[in-house]
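Asks: Here it is: the structure, laid out below.
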Amino acid sequence: MAEHYDVAIIGAGMSGLSAGIRAAHFGKKAIILEQHNAPGGLNSFYAKEGRKYDVGLHAMTNFVPASERRAIFNKLLRQLRIDRAELDLIEQKSSRVAFPGVNLRFGNDEGLLESEVEAAFPGQVDGFRKLSETIRDFPDRDLEQPYQSARSWIKQFISDPLLEEMIFCPLMYYGSAVENDMDVGQFVIMFRSIFHEGLARPAEGIRLLIRVVLDRYRKLGGIRKMKTGVKRLIEEGGRISRIELDNGEEITADVILSCAGLPETYSLVDPSIIADQSKDAGKLAFSETIAVYETLPETWGWGDDTIVFFNDSDRFVYEAPEEQIDLRSGVICLPNNFEFGDRPLKEGLVRVTCLANHDAWCGFSEERYQAAKEEWFGRIQNSILPMMPKPTRDHSGELVATDMFTPKTIKRFTRRARGAIYGSPRKVKDGRTDWDNLFLCGADQGYLGIVGSMLSGVVIANQYVLKG
Ligand SMILES: Cc1cc2nc3c(=O)[nH]c(=O)nc-3n(C[C@H](O)[C@H](O)[C@H](O)COP(=O)(O)OP(=O)(O)OC[C@H]3O[C@@H](n4cnc5c(N)ncnc54)[C@H](O)[C@@H]3O)c2cc1C
């Protein structure tokens, strides 16, 4: 007979693990089914040639001091019964939005950005303050409203198109599944998460967060099956009656939470839906390069910036590029430039994320794919130089390792349609699907990023597993 669970969760990413903790904490018999052999989903880690690499961590958003008990991040940790000290969080130094001839620096003290706007755009600062205050007071219930264009909404506060582009650049890169625009609710969430609150990282990297979350789930008696993909969700009478696994086994569950994504989940119920070709498939995919140096970036004059969101002209284009990679904009992350104090990372790291075209990368033969990765790696490294201070010395000889991933890699390891990190542009905020006991959680429920996906897991589990 098929084993029965109170709740089955598809995906051991941050949303699935968080949902699992809530369910298990309240005594539910929970199982997490994960197709990959490593937990974390888009936030994961791997080893290559003896080195450990993080995936999906530039920084955790929503950083606030522990004393701010009503802040989202602290509430989330309380819901998960995670002791904040376990995460060993260290703050960013400061970050920057870099456009030609203008820089806006921001940090975990939100006053820094306001003073930068005042210096670079004196005529806009009153509007910027009003925007910031409106976002602070934005009612939570309005975050759940149907899609409204943030590009239109912001014009009541900001009239300088360049400042508008500079505000959107980091918020879209860290949390928009929509091309060239965002939902107002999502814009408000990202503005608060990055500009009002701030950025930090677990000192050891993403593996520390994953370890803490996994330990919590395990100690509560939660079950996790790795390398166990869900192949099909079998529907009967408007409910999912059985879950068929890739290995041919079947299980049953009262409630199913899927973190696989909207078109991906629908294609599990109806295999005639090809997730990649669905109208709900996201178009925004990223590529990332990682360069490892035997010296730290501060030794060649790159010691100040934690993250740089750059764009090479006055207009920021956030859409799937025609070519493999769009070199016009991107995100440079220098993991060494968090406040490590007297325990610095041993090697220097430079990560660069750019918009990428899924189809262009997936259309290559394996040989051509590897050659294209090599070619684009070099081009990306060169494209960031105008955005960074002129190096005080040539550090190219200190490069000891490189890696690069593309939308093809993301697709392979997470099964995300078109390798779209933020999933579908259509978000299902109440998590409901066409089947009574199947709910979405994670990226396509609408909360994005590490903290967002964990929050999504908690909210959806509270609503549909605990309240029933
Ligand atoms: C390069 C990069 C940089 C990023 N940087 C940051 C950052 O600095 N800060 C930040 O906050 N966020 C960042 N993110 C985004 C963040 O990683 C994601 O928003 C978040 O991890 C999404 O979590 P999730 O649980 O919704 O989805 P996922 O992590 O995608 O989890 C879904 C899981 O479901 C599994 N799955 C899918 N289909 C099946 C199936 N049929 N059967 C079984 N299992 C299945 C997948 O393998 C996966 O493990 C970054 C992401 C990337 C890739």
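The values are calculated or read from the model by the stated rules, or taken from the named source; none is laboratory data. Quantities reported herein were computed from a predicted structural model and do not represent experimental measurements. Because the Cβ atoms are built from the backbone with ideal geometry, glycine has one as well, and the counts that use them run over all protein chains shown. Surface areas here come from the heavy atoms of the whole protein model, side chains and all, with no ligands, DNA or RNA. Shrake-Rupley method; radii C 1.70, N 1.55, O 1.52, S 1.80 Å.
Asks: Just to be sure I understand the curve: with the Debye formula and one point per C-alpha of segment 107-195, what is log10 I(q)/I(0) at q = 0.24 Å⁻¹?
Replies: -1.40
Asks: Work out, in µm²/s and without decimals, the Stokes-Einstein translational diffusion coefficient of segment 228-285 at 10 °C, 1.306 mPa s, Rh from Kirkwood over C-alpha pairs.
Replies: Rounded to a whole number, D works out at 131 µm²/s.
Asks: Do you know the Lys pair count in segment 283-414 for C-alpha distances under 25 Å, with sequence separation 8 or more or different chains?
Replies: Final tally of qualifying lysine pairs is 6.
Asks: In whole percent, and with a 1.4 Å probe on the protein chains, what portion of the accessible area of the chain is carbon and sulfur?
Replies: The value for the chain is 48 percent carbon and sulfur by accessible area.
Asks: Now for a different question. From the square roots a ≥ b ≥ c of the eigenvalues of the alpha-carbon gyration tensor of segment 1-109, which class results: rounded (a/c under 1.5), prolate (a/b over b/c), or oblate?
Replies: oblate
Asks: What is the Cα centroid distance between segment 315-376 and segment 252-304, reported in whole angstrom?
Replies: After rounding, the separation between the Cα centres reads 14 Å.
Asks: Students often forget the sequence filter, so: which aspartates and glutamates lie under 20 Å Cα-Cα from Lys130 once same-chain residues fewer than 8 apart are removed?
Replies: Correct list for Lys130: Asp109, Glu110, Glu114, Glu116, Glu118, Asp140, Asp142, Asp160, Glu164, Glu165, Asp183, Glu197.
Asks: Whole-Hz Karplus ³J(HN,Hα) for segment 145-151, in order, using 6.51 cos²θ - 1.76 cosθ + 1.60 and θ = phi - 60°, x for Gly and Pro?
Replies: 5, x, 3, 9, 5, 6, 4
Asks: Give me the accessible area per residue for the chain, probe 1.4 Å, as a whole number in Å².
Replies: Roughly 41 Å² per residue, with all protein chains present.
Asks: Where both residues lie in the chain, what percent of DSSP beta bridges are antiparallel, nearest 5? Please report the intermediate quantities before stating the final value.
Replies: Working: 49 of 71 bridges.
Bridges in the chain that DSSP calls antiparallel: roughly 70 percent.
Asks: Excluding residues fewer than 8 places away in the same chain, name every one of the aspartates and glutamates whose C-alpha is closer than 17 Å to that of Lys227.
Replies: Those aspartates and glutamates meeting the cut-off are Glu34, Glu244, Asp246, Glu249, Glu250.
Asks: Straight distance only, please: which lysines reach the Cα of Lys225 with their own Cα at less than 17 Å, same-chain residues fewer than 8 apart left out?
Replies: Partners found: Lys28, Lys29.
Asks: Then there's this: Taking a ≥ b ≥ c as the square roots of the Cα gyration tensor eigenvalues, with a/c under 1.5 meaning rounded and otherwise prolate when a/b beats b/c, else oblate, which class fits segment 256-369?
Replies: Judged from the Cα gyration tensor, segment 256-369 comes out prolate (a/c at least 1.5, a/b above b/c).
Asks: Two decimals is fine: what's Rg over Rh for segment 313-406, C-alpha atoms, Kirkwood radius as Rh?
Replies: A ratio of 1.00.
Asks: Which value does Rg/Rh take for segment 328-468 over its C-alpha atoms, Rh per Kirkwood?
Replies: Taking Rh as the inverse mean 1/r over Cα pairs, Rg/Rh reads 1.07.
Asks: Going highest first, how would you order 217-229, 257-269, 429-441 by mean Cβ packing within 10 Å?
Replies: Highest to lowest by the protection proxy: 257-269, 429-441, 217-229.
Asks: Please give the Cα centre distance for segment 114-159 versus segment 27-88, rounded to the nearest Å.
Replies: That distance is 30 Å.
Asks: While we're on this one: Could you compute the net charge surrounding Leu345? Neighbours are other residues with a C-beta less than 13 Å from the C-beta of Leu345; K and R count +1, D and E count -1.
Replies: Once positives and negatives cancel, what remains is -1.
Asks: If packing is taken as the average count of other Cβ atoms within 10 Å, what order do 138-147, 40-49, 380-389 fall into, highest mean first?
Replies: Highest-to-lowest ranking by the protection proxy: 40-49, 380-389, 138-147.
Asks: Counting Lys and Arg as +1 and Asp and Glu as -1, what is the net charge of the other residues whose Cβ lies under 15 Å from the Cβ of Gly468?
Replies: Net charge around Gly468: +3.
Asks: Send over the per residue convex hull volume for the chain, Cα only, as a whole number of Å³.
Replies: Values: hull volume 68.6 nm³, N = 468.
Output value, Cα hull per residue: 147 Å³.
Asks: Pop out the ³J(HN,Hα) list for segment 393-399 in order, Karplus 6.51 cos²θ - 1.76 cosθ + 1.60 with θ = phi - 60°, rounded to Hz; leave Gly and Pro as x.
Replies: So the J values, rounded to whole Hz, are 7, 6, 9, 4, x, 9, 6.
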